[in-house]
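Reading through the structure tokens given below for one structure.
The values are calculated or read from the model by the stated rules, or taken from the named source; none is laboratory data. Every value quoted in this text rests on a predicted model; they were computed, and no experiment measured them. Cβ placement follows ideal geometry from the backbone for every residue including glycine, while neighbour counts extend to all protein chains displayed. What goes into the accessible areas is simple: the full protein's heavy atoms, side chains included, and nothing from ligands, DNA or RNA. Shrake-Rupley method; radii C 1.70, N 1.55, O 1.52, S 1.80 Å.
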Amino acid sequence: MRTLTVELGTRSYPIMIGQSLLGRPEAWTPYLKGRQVLVVSNETVAPLYLETVRDSLAEFQHDSLILPDGEQFKTLDTVERIFDQLLQQRYGRDCTLIALGGGVIGDMTGFASACYQRGVAFLQLPTTLLAQVDSSVGGKTGVNHPLGKNMIGAFHQPCAVVADTATLNTLPDRELRAGLAEVIKYGLIADAGFLVWLESHIDSLLAREPTLLAEAIEISCRTKARIVAADEREQGQRALLNLGHTFGHAIETGMGYGKWLHGEAVAAGMLMAAEFSHQIGMLSADAVARVHRLLTRAGLPTTAPAELDAEQFLELMSVDKKVQAGRLRLVLMRDIGQASVETEFDDDQLHRTLSEFPRSDRAPV
């Protein structure tokens, strides 16, 4: 087992990475608060791993709640079901919620724990690559709104993150590829050497070579833990973690939640960000080509949906958490491994980039 720490003073917590951790209660149950535990999962993950988790909780008073699976269910109505269970079972302020699933379950469970009795503990058991390298770490929780992704939420850190790499064996290929988009992001924003490593090992990662997957997860989590420790509430450098996300969230919202996986939309968004960075003189054409090649090799989208034109993109992008004083902020690239948040750019050039970016009428599969 590899262990990292998100350094946040008295709220610091471990990230544990290893095989078959769900069935090792001695590794993670010491981080649970109190004796009441509610495990929140979904219809896809629960049949695979809920029994193992509940066996690990034999010494606790525990219940489970199984929610529908999919980004389209990441709503306030679904979170209401978590509150219903907590209240009906008379859960106290000293309870712990456990998120067993991917990013949607983690975000909703974290948000419910941030709100219930003004804040209770929660623990992340991420079962997708995307959740293990990104969404389970850092305390961003929330739900979607029809007008904007993740626009309703709270910062609420978990008490621990337990990334059981064995759960990736049951992950569909499409979900694995989507998770690799967030892994690639870390190389693009902060670690040029890691991107070189990914270029050398992408085929083995797609083949689920366990040692390399664990290494990719550890490197990704180490980068995110460092950034979160320095800027927990995204007042500065944490915004760099959103490379491609403003473009990608527009795709997710515009196409309808669930049509594109989050990682797929981020992949296309990262290439859009790279292309715009090149068009305004920040990034070389060779760097853009490297981004394109790696995303292609990872089986990720490198085109935008044909259904969204430039005007629709801009309208959707205007409803974004990074908008300040009515001005859109974009995470752009200066080089491989170097990104920055920019507000001063040519709006006409952004429109041209969005207009000229390649389109496809085929949704990712």
Notebook entry, point to check: Is there a residue being within 24 Å of residue 335 (Cβ to Cβ) and of a type outside the set (S, T, N, Q) anywhere in segment 170-180?
Noted result: yes
Next item on the list: Can you tell me which residue among 26, 51 is at pLDDT 95 or above and farther than 18 Å from residue 167 by Cβ?
Entry: 26
Margin query: Can you pull out every residue in segment 2-12 that is under 11 Å from residue 229 (Cβ atoms) and of a type outside the set (Asp, Glu)?
Written below: 4, 5, 6, 8, 9, 11, 12
Notebook entry, point to check: Looking only at residues in segment 1-10 that are touching a residue at least 24 places away in the same chain (Cβ under 8 Å) and under 18 Å from residue 218 (Cβ atoms), which one is least open to solvent (accessible area, probe 1.4 Å)?
Noted result: 6
Notebook entry, point to check: Would segment 38-46 turn up any residue that is open to solvent by 30 Å² or more (accessible area, probe 1.4 Å) and hydrophobic (A, V, I, L, M, F, W, C)?
Noted result: no
Checklist line | All positions within segment 85-103 that are open to solvent by 10 Å² or more (accessible area, probe 1.4 Å) and either in contact (Cβ under 8 Å) with a residue 24 or more places away in the chain or touching a helix residue (DSSP H, G or I) at 6+ places or on another chain (Cβ under 6 Å) (or both) | finding: 85, 89, 92, 93, 94, 102, 103
Next item on the list: Confirm whether residue 122 is over 17 Å from residue 214 (Cα atoms) and part of a helix (DSSP H, G or I).
Entry: no
Check: Given 13, 31, which one is modelled with pLDDT of 95 or more, among the hydroxyl-bearing types (Ser, Thr, Tyr) and buried (at least 18 other Cβ atoms within 10 Å of the Cβ)?
Finding: 13
Next item on the list: Tell me, yes or no, whether segment 307-317 has at least one residue that is of a type in the set (Asp, Glu) and closer than 26 Å to residue 235 by Cβ.
Entry: no
Item checked: Hey, residue 281 at pLDDT 95 or above and farther than 22 Å from residue 178 by Cβ or not -> yes
Notebook entry, point to check: Can you find even one residue in segment 72-81 that is free of Cβ contacts under 8 Å to residues at least 12 places away in the same chain, over 21 Å from residue 246 (Cβ atoms) and either part of a helix (DSSP H, G or I) or open to solvent by 30 Å² or more (accessible area, probe 1.4 Å) (or both)?
Noted result: yes
Notebook entry, point to check: Of all helices (runs of 4 or more DSSP H) completely enclosed by segment 257-365, which ones contain at least 2 residues that are closer than 30 Å to residue 200 by Cβ?
Noted result: 262-279, 285-297
Note to self: What are the pairs with Cβ atoms under 9 angstrom where one residue, in segment 331-342, is farther than 16 Å from residue 286 by Cα and acidic (Asp, Glu) and the other, located anywhere, is open to solvent by less than 20 Å² (accessible area, probe 1.4 Å) and assigned to a strand (DSSP E or B)? Sequence gap at least six, or different chains.
What the structure shows: 342/330; 342/331; 342/332
Next item on the list: Any chance you could count how many residues in segment 50-71 are assigned to a loop (DSSP other than H, G, I, E, B) and under 30 Å from residue 249 (Cβ atoms)?
Entry: 3
